[in-house]
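Scroll down for the structure; my scribbles are underneath it.
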Amino acid sequence: MKDRFHELLAANGPALWRLTASYARTHSDREDLFQEIALAIWKALPGFRELSSERTFIFRIAHNRAITHSLRRRPAASPSEGLDPPDPSPGPESGLLRAERHIRLQAAVRQLPLEFRHVITLALEGLTYSEIAVVAGISESNVGVRLNRARQMLRRIFEVKQ
Amino acid sequence: MKLDEELMVWRQEWQSSAMVPPDLIRKVERQTAYMRVLRMAEIAVTMTIGSAVLVGAFVHPMLGRDYWAVLAAGTWLLIAIAWAISLRSTREAWSVASHTTASYMALHLRRLRQQVFRIDCGSAFGTLASAFVLVLTYKVLTDVLRRRGVAIDVWDFAPFWIVGGVVNVLVLLGQFGKRRRVRAELERVSEFQRRLDNPPNGDVGR
């Protein structure tokens, strides 16, 4: 089980770390949340029966933990602290511009109400409607409605900022 | 821009960060090892305290066997109450097979209610346990001193009672604060569950 846990963490660590940006304000808060999620996965791993994909299993635990982590404290006034810069590896786009966009998106997602933030974060990680529905326990049509609403909200946030 | 293009662009922007802080994974690994130790320590502490008072009841040379009998009986009674509260407050807390967000929220609400119950019982239990320890310690000390020819009055132990009382009040205040925080979280989770159950409608945004 130990090896399996390490493999899961190595494969999904970056996605889980990105996820923490949607729910936690400061860097140390993100670290706490990451550890909380990892421990929850470790505890749940013996009960994983492969009825769902590994990815939905991981995201289900991670989002559930993240939501309860956010609800543990009062809603924050400042949404834009503790965001991390993207990889410094060179690419076609300038690193600075990429970093700026990434940080802008993280900050915008953090401003959404939880029930929308939850769905858009999963969509940004590349989960399909049906996978999001499995993770959230809501219908696919409900996922579609929430995702559209979340995107409208994000557009508005970007418009206001421009 | 087409809607799906927009989502694709956002996805690329979102996933452009693929770094986890270097020490974080190692920290998690250390924590999992620590949790295994902690689980064993809970049982070890119970067994050590319970066994120690039983051994003391039979072999301790200084005190009368009656005191040890009361101490052993009281300790085991308190251990039984503590485990009963712990088991009652965690019953069915892990029983939901598929943790979708909706079912997990229902489970989390149950856990929070159990936590309130645990705080209430823990406060009463703590007061009971400390009263038991204070009274028994007082009785043992007065008995030992009396046998050595020193007569003492209950008020000679005033600092002992005051310190015990103050510690108890502080612990109770701490528990009261914790209870308030849990109740506030309970309300936030209930509110989120209501929003999650109802499909979104009305105005966009908050």
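The values are calculated or read from the model by the stated rules, or taken from the named source; none is laboratory data. If you're wondering where the values come from, they're calculated on a predicted model, not measured in any experiment. Ideal geometry is used to build each Cβ from the backbone, glycine not excepted, and the neighbour counts take in all protein chains shown.
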Contact list, first residue from the range B:147-158 and under 16 Å from residue B:137 (Cβ atoms), second anywhere and among the basic types (Lys, Arg), beta-carbon distance below 8 Å, six or more apart or interchain, is B:152/B:146
Do the conditions hold for residue A:15, that is, is it within 10 Å of chain B (Cβ to nearest Cβ), in a helix (DSSP H, G or I) and touching an Asp or Glu at 6+ places or on another chain (Cβ under 6 Å)?
-> yes
For the range B:11-33, what are the residues that are over 27 Å from the mean Cα position of the chain (by Cα) and over 18 Å from residue A:20 (Cβ atoms)?
-> B:12
Selection from the range A:97-116 of residues that are more than 22 Å from residue A:60 (Cβ to Cβ) and at the interface with chain B (Cβ under 7 Å from one of its Cβ atoms) | A:98, A:101, A:102, A:105
From the set of residues in the range A:135-156 that are within 25 Å of residue B:18 (Cα to Cα) and touching a residue at least 24 places away in the same chain (Cβ under 8 Å), which is surrounded by the most Cβ atoms within 10 Å (Cβ to Cβ)?
-> A:135
Does residue A:66 satisfy being hydrophobic (A, V, I, L, M, F, W, C), part of a helix (DSSP H, G or I), within 16 Å of the chain's Cα centre (by Cα) and not assigned by TED's automatic domain parsing to the domain that holds residue A:132?
-> yes
Given the conditions (1) hydroxyl-bearing (Ser, Thr, Tyr); (2) modelled with pLDDT under 90; (3) crowded, with 16+ Cβ neighbours inside 10 Å, report the number of the one that residue B:130 does not fulfil.
-> (3)
Count of the range A:18-36 residues which are part of a helix (DSSP H, G or I) and either exposed (fewer than 14 other Cβ atoms within 10 Å of the Cβ) or out of contact with any helix residue (DSSP H, G or I) (no Cβ under 7 Å at 6 or more places or on another chain) (or both) | 4
For the range A:117-152, how many residues meet the condition of being in a helix (DSSP H, G or I) and under 20 Å from residue A:24 (Cβ atoms)?
-> 11
Sole residue being assigned by TED's automatic domain parsing to the domain that holds residue B:196, in a helix (DSSP H, G or I) and under 20 Å from residue B:67 (Cα atoms), chosen from B:182, B:171, B:144, B:116 | B:144
Does the range B:161-173 contain any residue that is closer than 30 Å to residue A:147 by Cβ and either under 21 Å from the mean Cα position of the chain (by Cα) or surrounded by 14 or more Cβ atoms within 10 Å (Cβ to Cβ) (or both)?
-> no
